[in-house]
1. Within the set 80/135; 42/116; 80/115, which residue pairs have Cα atoms separated by over 21 Å?
2. Between the helical axis of 45-54 and the dominant principal axis of the chain, each derived from Cα atoms, what acute angle in degrees is found, rounded to the nearest 10?
3. Suppose all protein chains stay in the model; what accessible area per residue would a 1.4 Å probe give for the chain, in Å²?
4. Arrange the residues 142, 165 by how much accessible surface each exposes, largest first, with a 1.4 angstrom probe.
5. Round to a whole number: what % of the accessible area of the chain belongs to carbon and sulfur, probe 1.4 Å?
6. Return one number: the angle in degrees, 0 to 90 and rounded to the nearest 10, between the long axis of the Cα atoms of helix 12-29 and the longest principal axis of the Cα atoms of the chain.
7. For the pair residue 34/residue 148, report the inter-label distance in nm, with labels modelled 7 Å from Cα in the Cβ direction.
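The values are calculated or read from the model by the stated rules, or taken from the named source; none is laboratory data. Small disclaimer: the values here were computed from a predicted structure and weren't measured. Positions of Cβ are backbone-derived with ideal geometry, glycine not excepted, and every protein chain shown enters the neighbour counts. The accessibility values were calculated without ligands, DNA or RNA, using every heavy atom of the protein model including side chains. Shrake-Rupley method; radii C 1.70, N 1.55, O 1.52, S 1.80 Å.
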Amino acid sequence: MKDMRREVLYDRSQIAARVKELAREISDDYQGRDLIVIGVLKGAFIFMADLIRALSIPCRVDFIKVASYGAGTESSGRIKMTKDIETELTGRDVLIVEDIVDSGLTLSWLVDYLKKKNPCSLKVCAFLDKSSRRKVPFTADYTGFTMDDGFVVGYGLDYNEQARYLPEVYIVKQ
Ligand code: 5GP
């Protein structure tokens, strides 16, 4: 990691400002509702922590963990759930919080999976969106930043389990 060349893509103040805007939008949309926020581990944990603390409405939280097996930085599309949620979703308003939408395969799978638990509503908030990389059509209901192709680390996102702790988002340079 010490040798990884990287450049700041979004700094702390850009991230904080965007998270605040997203939280305001979500708080307006879910006013008076019983919101359950489901974070996708591990990448979304920092974004989710900031987002829910900026909400002006109450929420409950849960986590799900999925792995998609493939070589290097490419998603294979073979999704495996390694930790399920522990909350009953029937009749609830559910918001999935994810770090990044790339091919769209993970979130498509997650939405299908969680829909089977009969929530009253199911929406997705993604911190980053690489919209040009989709293998399946997928649009998040709330998006932090739309970025070009490239591999990013920091703010919860890792490279071989490193760099999640960095408070900024960096683009990794080849
Ligand atoms: P998808 O299924 O949409 O292809 O990819 C979803 C997952 O791939 C994300 O949740 C994330 O864990 C990982 N991913 C995709 N692009 C990046 C990236 O640029 N950096 C990191 N650290 N992970 C990524």
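1. Those over the limit are 42/116.
2. 50 degrees
3. On a per-residue basis, the chain sits at 52 Å².
4. From most exposed to least exposed: 165, 142.
5. Here carbon and sulfur together make up 48 percent of the probe-accessible area.
6. Result, in degrees: 20.
7. In this crude spin-label approximation the distance works out to 4.7 nm.
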